[in-house]
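Below is one structure; the comments refer to it alone.
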Amino acid sequence: MKFPEKYNPQEAERKWQKFWEKSKIYKFDPDSKKEIYSIDTPPPTVSGKMHIGHAFSYSQQDFIARFHRMKQENVFYPFGTDDNGLPTERLVEKLKNVKSTKMSRQEFVALCQKTITEIKEDFINDWKFIGMSCDFSTTYSTIDKHCIKTSQKSFLDLFKEKLVYQHEAPSMWCVQCQTAIAQADLEDKELDSSFIDVHFELEDKTKITIATTRPELLAACVCIYVHPNDKRYKNLAGKKATVPLFNQKVRIYADESADQDKGTGVLMICSYGDKYDVEAVNKRKLEPRIIFTRDGKLNELAKKYQGLAIKEARKEIINDLEKEKLLVNKKLIKHIVNVHERCGTEIEFLSTKQWFIKILDNKKKFIDAGNKIKWYPEYMKKRYMHWVEGLNWDWCISRQRHFGVPFPVWYCKKCNSILIAEEKDLPVDPLTNKPKNKCKCGSDNFEGEKDVMDTWATSSVTPEIILNWVNDPGYNLDFKKMHPLSLRPQAHDIIRTWAFYTIVKSIYHHNEIPWKNIIISGHVLDPKGEAMHKSKGNAVEPAGVLEKYGADAMRFWAAGSKLGEDLRYLEKDLVTGQKTITKLWNASKFCSMHLENYDYSKPKKLEIFDEWLLRKLNKIIKECTEAFENYEYAAPKSLVENFFWNTFCDYYLEIVKFRLYNSQGDPKKSAQYVLYSSLLSILKLFASITPHVTEEIYQTMFREKEKSISIHISSWPLIIEANPDIEKAGDKGILIISEVRKFKAENKMSLKDPIKLKLDKSDKKQIDLILNDLKTVCNIKEIEFSNNLPAVIDKNALKIKVEKI
């Protein structure tokens with residue numbers, strides 16, 4: 001048992017990561033009879049480098065995976081990357097200094113695939129370096145053939161069930177990314193703006209005033225609303241007004257959607273400012289005036305403002321309204337607007353043809369499904385429920401981009417009919433592949449769908465991807481047996497997207513939930529409690545943390561917050577983790593030294609303090625097991641840390657030192673037996689959180705005897721039987737040791753200095769059980785039992801008097 005003097009985390013961590021991969025420690029065995037524990041691992045977006053939030057949340061899910069593996073379950077823990085869609089396009093444009101809009105689709109897709117291949121290995125290594133115990137031998141990409149086939153099959157099935165449809169209507173549009181987006185792609189952002197009051201002239205030359213924050217939409221105004229109960233405007237319904245600067249005449253309607261208390265109470269309906277404008281235009285069957293181009297410029301209907309960007313036009317129109325004395329009032333405000341979460345651009349509504357998945361008709365089904373899943377923490381389910389209840393739009397799944405999963409769809413050029421691919425022909429690219437059958441009209445002249453699917457349309461079938469729903473060769477997985485999966489781990493900000501969309505697909509395709517449990521992680525904040533962003537300069541890169549502290553220390557920090565809670569990044573927490581790892585190493589080295597001649601047999605009788613430690617350890621094992629079963633990894637971290645530092649190191653090791661150095665026979669063997677078994681259990685309890693140092697110690701001290709080639713596939717520690725009556729005697733002894741240490745510290749004595757001890761007669765029976773160990777650890781030269789001693793700890797818990805000799 002040659003124990004190295006020092007532990008080098010950076011060197012050891014790489015060594016064991018390579019060992020785990022080479023030895024296939026984490027490989028799923030489809031032929032095993034063990035209970036399966038399966039994880040729908042989040043595929044991170046290939047965006048250059050891992051950020052600290054990734055290291056935080058992925059470590060937390062890995063704690064759970066490692067626990068179940070040590071429970072001797074057959075853990076299915078695949079790893080994939082999310083490589084398609086807008087984030088990848090943006091990354092490639094940045095890395096290669098190109099613009100997708102200025103390249104052909106075929107050319108840009110080829111560049112994306114080449115770039116992903118170049119950066120992917122280093123990207124995946126970031127996850128290996130934090131100690132993830134995924135099976136990295138079979139990683140997937142959301143743009144590989146298997147994933148495209150799975151996503152296209154999903155589309156075909158939904159199309160056949162009439163759950164997907166194509167519709168030309170006003171849809172949410174990002175003028176920066178030049179694509180349609182879904183409701184889940186929005187986020188609220190507070191922006192500066194101007195709230196202006198503008199004069200509209202009526203036919204009798206009188207004026208009404210309308211308040212707006214979007215004067216650039218004046219050219220798109222198609223009607224005006226006033227509330228039917230608003231006495232100020234009771235005679236206006238049916239009349240017409242002239243729109244300032246643009247001079248189109250629009251009708252005034254009495255409608256309850258006008259808010260009497262907002263602005264002037266008069267509402268300008270445009271095509272389109274928001275979803276309420278869309279509803280109003282449809283309700284009144286008005287001819288829309290579309291003034292925005294897809295790239296966010298004003299068109300010919302905007303007259304002199306044609307070609308201006310939206311914000312430029314807003315500024316010019318306000319200036320012209322002032323010049324024409326049509327601007328009544330103007331005040332600066334801050335207000336909340338919807339922006340595209342990917343780029344932060346304010347969204348617009350443009351009339352375009354898009355593909356949608358029906359969700360509004362089945363909201364109850366999705367709510368019922370959410371109730372069947374166990375949420376950890378439970379309160380996160382409310383976010384899901386509120387999202388589903390508040391949905392106003394079906395799910396728009398088409399995107400006007402180059403790099404994404406193609407729709408398996410063609411259009412007949414003769415009769416405009418839609419033709420979908422045959423499932424046996426998947427995957428297909430309709431721009432390069434042609435249908436094998438003619439159209440029902442007899443034509444074989446087709447045009448392929450140019451749009452691609454939203455990345456969530458593919459990410460929402462990760463259970464189907466990893467379980468080989470499409471029956472591709474080489475997977476050897478039984479979909480029906482393994483679905484639903486055991487666990488979905490993810491962050492709270494994508495409940496409305498990844499969690500919801502996956503539930504939608506699972507209900508539609510299989511009529512069952514996709515997973516039995518879902519755990520929701522929080523976010524990492526900076527030391528001041530603010531969100532981390534590169535733009536703020538407060539972001540932390542895991543690579544620097546690993547270089548300075550090592551992966552185990554970082555994982556130790558990540559275990560410091562409960563599920564769903566945000567955690568501040570504080571260097572002191574990394575230092576604490578580092579100190580714990582060093583302490584674990586040094587304590588193990590001490591134990592190793594005293595186990596060199598141990599024959600691994602159990603003595604006929606255990607000493608009382610040895611039994612006491614096992615009793616305490618039993619409780620910790622039980623509490624940790626229950627906590628891990630309920631996904632409460634923070635509790636085991638705290639429990640084991642406290643037990644190791646205080647009970648094991650501060651007290652037990654000090655108590656048994658004399659026996660280890662000076663005794664022979666059963667007293668020494670009793671200490672050795674408990675040292676061996678308790679340290680091994682402590683390592684196993686720590687192993688999920690700090691996998692590298694525990695593996696290093698296990699390989700040095702325990703592998704030869706325990707036989708398992710890695711601590712991470714060894715058995716979770718079992719509760720060792722111990723006499724419960726012993727615990728009271730041990731606890732009494734710990735109180736005495738603590739009081740003696742306090743006395744010596746107050747009197748500036750060495751811990752080795754001898755003392756005289758007076759104890760209450762009522763404690764004699766218990767003290768006699770531990771007397772030998774007590775004398776050696778406290779260096780008690782005289783001990784006296786008497787009556788009427790003052791109680792010094794917890795009222796009557798201990799009556800003691802310590803004296804110098």
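The values are calculated or read from the model by the stated rules, or taken from the named source; none is laboratory data. Only a predicted model underlies this, so the values are computations on that prediction, with no experimental measurement involved. When we count neighbours, we look across all protein chains shown, and the Cβ atoms used for this are built from the backbone with ideal geometry, even at glycine. Side chains are part of the model used for accessible areas, which takes the heavy atoms of the whole protein and leaves out ligands, DNA and RNA. Shrake-Rupley method; radii C 1.70, N 1.55, O 1.52, S 1.80 Å.
Identify all residues within segment 395-432 that are open to solvent by 30 Å² or more (accessible area, probe 1.4 Å), touching a helix residue (DSSP H, G or I) at 6+ places or on another chain (Cβ under 9 Å) and either part of a loop (DSSP other than H, G, I, E, B) or of a type in the set (S, T, N, Q) (or both); write none if there are none. Hits for segment 395-432 are ARG401, HIS402, GLU422, PRO427, ASP429, LEU431, THR432. Of note, ILE465 does not satisfy the criterion of being open to solvent by 10 Å² or more (accessible area, probe 1.4 Å), more than 16 Å from ILE519 (Cα to Cα) and in contact with a helix residue (DSSP H, G or I) (Cβ under 7 Å, 6 or more places away or on another chain).
Condition first: in a loop (DSSP other than H, G, I, E, B) and farther than 21 Å from PHE155 by Cβ. Can you find one or more residues in segment 386-394 that meet it? The answer is yes; a qualifying residue exists.
The set of residues in segment 149-184 being under 23 Å from PRO288 (Cα atoms), within 28 Å of the chain's Cα centre (by Cα) and β-branched (Val, Ile, Thr) consists of THR179, ILE181. The set of residues in segment 171-206 that are open to solvent by less than 20 Å² (accessible area, probe 1.4 Å), in a helix (DSSP H, G or I) and out of contact with any helix residue (DSSP H, G or I) (no Cβ under 7 Å at 6 or more places or on another chain) contains only ASP185. From the set of residues in segment 540-561 that are aliphatic (A, V, I, L, M) and assigned to a loop (DSSP other than H, G, I, E, B), which is most open to solvent (accessible area, probe 1.4 Å)? That would be VAL540. The residues listed here are PHE479, PHE446; of these, the one that is in contact with a Pro (Cβ under 8 Å, 6 or more places away or on another chain), of a type in the set (Phe, Trp, Tyr) and open to solvent by 10 Å² or more (accessible area, probe 1.4 Å) is PHE446.
Go through segment 69-116 and give me each residue that's open to solvent by 20 Å² or more (accessible area, probe 1.4 Å) and of a type in the set (Gly, Ala, Ser). If the condition is that a residue be open to solvent by 20 Å² or more (accessible area, probe 1.4 Å) and of a type in the set (Gly, Ala, Ser), then SER104, ALA110 are the ones that fit.
Quickly run through segment 566-581 and pick out the residues that are over 23 Å from LEU685 (Cα atoms) and in contact with a Pro (Cβ under 9 Å, 6 or more places away or on another chain). Once the filter is applied, which keeps residues that are over 23 Å from LEU685 (Cα atoms) and in contact with a Pro (Cβ under 9 Å, 6 or more places away or on another chain), segment 566-581 yields ARG568, TYR569, LEU570, GLU571. Within segment 588-626, if we keep just the residues that are among the aliphatic types (A, V, I, L, M), in a helix (DSSP H, G or I) and open to solvent by 10 Å² or more (accessible area, probe 1.4 Å), the residue that is farthest from GLN72 (Cα to Cα) turns out to be ILE608. Would you mind stating whether GLU389 is within 30 Å of ALA634 (Cβ to Cβ) and open to solvent by 60 Å² or more (accessible area, probe 1.4 Å)? Judged against the criteria, GLU389 is not a match. Would you be able to say whether some residue in segment 124-137 is in contact (Cβ under 8 Å) with a residue 12 or more places away in the chain, open to solvent by 30 Å² or more (accessible area, probe 1.4 Å) and under 15 Å from SER459 (Cα atoms)? No, every residue in segment 124-137 fails to be in contact (Cβ under 8 Å) with a residue 12 or more places away in the chain, open to solvent by 30 Å² or more (accessible area, probe 1.4 Å) and under 15 Å from SER459 (Cα atoms).
Among the residues of segment 445-455, the ones that are in contact with a Cys (Cβ under 9 Å, 6 or more places away or on another chain) and assigned to a loop (DSSP other than H, G, I, E, B) come to 2 in all.
Residues that are within 27 Å of GLY522 (Cβ to Cβ), out of contact with any strand residue (DSSP E or B) (no Cβ under 6 Å at 6 or more places or on another chain) and not small (Gly, Ala, Ser) are absent from segment 320-331 altogether.
Of all positions in segment 95-103, none carries a residue that is in a strand (DSSP E or B), under 19 Å from ASP429 (Cβ atoms) and not aromatic (Phe, Trp, Tyr). In segment 266-381, counting only strands (runs of 3 or more DSSP E) that sit wholly within it, the ones holding 1 or more residues that are modelled with pLDDT under 90, buried (at least 17 other Cβ atoms within 10 Å of the Cβ) and touching a helix residue (DSSP H, G or I) at 6+ places or on another chain (Cβ under 8 Å) span 327-340, 348-357. Going through segment 492-538 one residue at a time, which ones are within 29 Å of TRP393 (Cβ to Cβ), touching a Ser or Thr at 6+ places or on another chain (Cβ under 7 Å) and open to solvent by 60 Å² or more (accessible area, probe 1.4 Å)? GLU512, the sole residue that qualifies. Condition check: touching a residue at least 60 places away in the same chain (Cβ under 8 Å) and touching a Gly at 6+ places or on another chain (Cβ under 8 Å). Does ILE466 satisfy that? Judged against the criteria, ILE466 is a match. Every test in (1) at pLDDT below 95; (2) over 20 Å from TYR140 (Cβ atoms); (3) of a type in the set (Gly, Ala, Ser) is passed by SER23 save one, and that test is (1). ALA558 meets all of the listed conditions (1) modelled with pLDDT under 95; (2) under 20 Å from the mean Cα position of the chain (by Cα) but one, namely (1). The set of residues in segment 562-587 being of a type in the set (S, T, N, Q), closer than 22 Å to ILE130 by Cβ and surrounded by fewer than 19 Cβ atoms within 10 Å (Cβ to Cβ) consists of THR576, THR582.
The requirement of being assigned to a strand (DSSP E or B), closer than 30 Å to ILE317 by Cβ and open to solvent by 40 Å² or more (accessible area, probe 1.4 Å) is fulfilled somewhere in segment 151-168, by at least one residue.
Scanning segment 89-110 for residues that are without any contact (Cβ under 8 Å) to a residue 60 or more places away in the chain and either more than 30 Å from the chain's Cα centre (by Cα) or within 11 Å of HIS402 (Cα to Cα) (or both) gives ASN97, VAL98, LYS99, LYS102, SER104, GLU107, ALA110.
Mind listing just one residue for me: the one in segment 482-491 that is touching a strand residue (DSSP E or B) at 6+ places or on another chain (Cβ under 8 Å) and not hydrophobic (A, V, I, L, M, F, W, C) and, of those, surrounded by the most Cβ atoms within 10 Å (Cβ to Cβ)? Selected residue: ARG488. Within the set TYR698, TYR676, the sole residue that is in contact with a helix residue (DSSP H, G or I) (Cβ under 6 Å, 6 or more places away or on another chain), of a type outside the set (Gly, Ala, Ser) and either more than 25 Å from ASP610 (Cα to Cα) or not in a loop (DSSP other than H, G, I, E, B) (or both) turns out to be TYR698. Against the list (1) closer than 30 Å to ARG488 by Cβ; (2) open to solvent by 10 Å² or more (accessible area, probe 1.4 Å), the condition TYR633 fails is (2).
Condition check ((1) under 17 Å from ILE734 (Cβ atoms); (2) open to solvent by less than 30 Å² (accessible area, probe 1.4 Å); (3) not small (Gly, Ala, Ser)) across all residues:
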position	(1), (2), (3)
TRP645	yes, no, yes
ASP650	yes, no, yes
GLU654	yes, no, yes
PRO667	no, no, yes
LEU675	no, yes, yes
SER678	yes, yes, no
ALA687	no, yes, no
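Each residue in segment 61-76 was checked for being in a helix (DSSP H, G or I) and under 11 Å from ILE713 (Cα atoms), and 5 of them qualify.
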